[in-house]
Amino acid sequence: MSKDTATNQTASPAIGEAIASALAGLTYDDLPVDVVRTVKLFTLDTLGVIAGAAKAPGMAELLSALTAWEGEGTATLLLAGRRANPATAALANGAAAHSLDFDDQHDPARVHVFCVVLPAVLAAVEAETGAGRRPTGREMITAVAVGVELFCRLGLACYNSLGKGWHPTTALGTIAAGAAASRIFGLDAGKTLHAMGLAYVQLSGTTQFIADGALAKRVGPGFAARSGVLAAHLARHGLTGPHRFLEGDAGLFKLYERGEVTPEILTEGLGRSWRVRDLSMKPYPCCRCVHTTIQLALDARAQGIAGTDIRRATIELGEVNRKIVGARFDGAHPNPVVHAQFNAAYGFAAALTDGAVDIATYTPARIRSGDLAFASRMETIAATDIEPTAIAPARVRLELTDGRAVTLERWAMKGAPDDPMTDDEVFAKFRACVDWGFAADPEAVDALLFAVMRLDEVADAGDVVRRFLACRAGAPVA
């Protein structure tokens, strides 16, 4: 079905109820083996990225602000090593998971999913533990799978959310987090529907923080995780939300998406076919829109091309990607990290010069170093032969000082389902992130890795949090 046809379709008036019924009825035994393994691998990846964020700009300030108003609770601020209420913990941990821009993405849906869903589920797990019930590892896996699946489908159904200026990770993630937390709290279909509706009432999210290079960008997923947990908690206690939060006259489809939706994606095969399988893991800590450009730089380097060889360079992307990462690189930008993470020219220049892109690439000292200044002379334009919303394709045209013209292009990205990271690459990324953030004892790091990869066998899902805290043992309390 074409997008134009889908735009004019009327959603089923019971679409929210159908989603709530399907999600509330799912059990661990309904999850395919490969979906369970995917949930575990991406949970591990997200915990590593959270650990790597220990020294990320804005994290110390965020934790200081949050803990200034409360000193105790039932859930854990993973980077602070202290307790807070579950909504606050979800906010802090969600922000940490997104702060390096190293977290997963569903590329076609353009949503980062685990940075919202996992912190919400962990907060709900610890809330339940505080109330005297310990959710199992299988319950945690099921809740994460439910939230992630809904999140992916929301992103696909609202296919041009980003193009309208919404940050779909923040906006749509609120609803997904509400559904995931509802599973941990054991809510039935009716209360799950209210939880999603209450989450919708709190929906927010704008790409203006990207355009302005603001640290607010990394807090957005935290807002979504917090709002989702709070929504499920309120629904559990009897508060009601709008049941037509999707298709109503002031629902998501009309109010936020202006009718540009494919609603059937939300329910077709729900619980039987899994969009979770289409997730991408990030090999580079920056906006996914830059990743193909980085690979093109590595291709150019493999041909012996250096930054000093380039007289002129043009990066060609799809129009949506260009809007997000196509600004002229400014080495003196007041918020250099966010600016560089969302700049295709900088990603190309750093990869070409260093032969690698990692967390150190996106530190103020590296961003402002003189050998990468040539990025400011690169131009990024929209390619006429690339779909405006396509995320993977990119092309670079180079005019070299020796008179040669070189054109490089790629139509797929590393980490995507058609070119996935191997288990060894995933584990190496996890260890590198934890080492960057905590300089942790390798035995503690491996114990956390082992705990996550056998999560389906443990009786207490809270063991994941305890293993994480063991990795940060000795780190200062924020």
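The values are calculated or read from the model by the stated rules, or taken from the named source; none is laboratory data. Predicted model only: the values in this text are computed from it and were never measured. So basically every Cβ, Gly included, is an ideal-geometry build from the backbone, and we count neighbours across all protein chains shown. Just so you know, the surface numbers come from the protein's heavy atoms only, side chains and all, with ligands and any DNA or RNA stripped out. Shrake-Rupley method; radii C 1.70, N 1.55, O 1.52, S 1.80 Å.
Just checking, which of GLY222, GLY248, GLY213 is in contact with a Pro (Cβ under 8 Å, 6 or more places away or on another chain) and in a helix (DSSP H, G or I)?
Working: GLY248 fails: in a helix (DSSP H, G or I); GLY213 fails: in a helix (DSSP H, G or I).
Just one listed residue meets the conditions, GLY222.
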Residues in region 68-91: is at least one touching a His at 6+ places or on another chain (Cβ under 8 Å), modelled with pLDDT of 95 or more, hydrophobic (A, V, I, L, M, F, W, C) and within 30 Å of GLY318 (Cβ to Cβ)?
no
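State all residues of region 182-203 that are outside any helix (DSSP H, G or I), under 21 Å from PRO168 (Cα atoms) and open to solvent by 50 Å² or more (accessible area, probe 1.4 Å); if no residue qualifies, say none. Please lay out each step first, then the result.
Of region 182-203, the ones outside any helix (DSSP H, G or I) are 185-188, 202-203.
In the following step, the residues that additionally are under 21 Å from PRO168 (Cα atoms) were identified as 202-203.
Selection gives GLN202 alone.
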Residue pairs, Cβ under 9 Å, 6 or more apart or interchain, first in region 17-45 and closer than 23 Å to ALA195 by Cα, second of a type in the set (D, E, K, R) and surrounded by fewer than 17 Cβ atoms within 10 Å (Cβ to Cβ). List them.
ALA20/ASP188; ALA24/ASP188; ASP30/ARG272
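Mind checking whether some residue in region 266-278 is in a loop (DSSP other than H, G, I, E, B) and β-branched (Val, Ile, Thr)?
Yes, because at least one residue in region 266-278 is in a loop (DSSP other than H, G, I, E, B) and β-branched (Val, Ile, Thr).
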Only listed residue being touching a residue at least 12 places away in the same chain (Cβ under 8 Å), open to solvent by 40 Å² or more (accessible area, probe 1.4 Å), under 30 Å from GLY16 (Cβ atoms) and not polar (S, T, N, Q), chosen from ARG277, ARG288
ARG277
Which condition number in (1) open to solvent by 10 Å² or more (accessible area, probe 1.4 Å); (2) out of contact with any His (no Cβ under 9 Å at 6 or more places or on another chain); (3) under 27 Å from LEU162 (Cα atoms); (4) at pLDDT 95 or above is the one that ALA360 fails?
(3)
Please go through region 393-410 and give me each residue that is free of Cβ contacts under 8 Å to residues at least 60 places away in the same chain and either assigned to a strand (DSSP E or B) or at negative phi (or both), ordered by number.
ARG404, ALA405, THR407
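In the set PHE151, PHE185, which member is among the aromatic types (Phe, Trp, Tyr), touching a helix residue (DSSP H, G or I) at 6+ places or on another chain (Cβ under 8 Å) and in contact (Cβ under 8 Å) with a residue 60 or more places away in the chain? Explain how you work it out, then say what you get.
Values: PHE151 fails: in contact (Cβ under 8 Å) with a residue 60 or more places away in the chain.
Of PHE151, PHE185, the one residue that is among the aromatic types (Phe, Trp, Tyr), touching a helix residue (DSSP H, G or I) at 6+ places or on another chain (Cβ under 8 Å) and in contact (Cβ under 8 Å) with a residue 60 or more places away in the chain is PHE185.
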Return the pair list, or none, for Cβ contacts closer than 9 Å from residues in region 212-233 that are of a type outside the set (Ser, Thr, Tyr) to residues that are assigned to a helix (DSSP H, G or I) and open to solvent by 70 Å² or more (accessible area, probe 1.4 Å), at least 6 apart or on different chains.
ALA214/GLN208; LEU215/GLU61; ALA216/GLN208; ALA231/VAL201; ALA232/LYS191
Matching residues in region 292-333 - criterion: being over 27 Å from ASP418 (Cβ atoms) and assigned to a loop (DSSP other than H, G, I, E, B):
GLY304, ALA306, ALA327, ARG328, PHE329, ASP330, GLY331, ALA332, HIS333
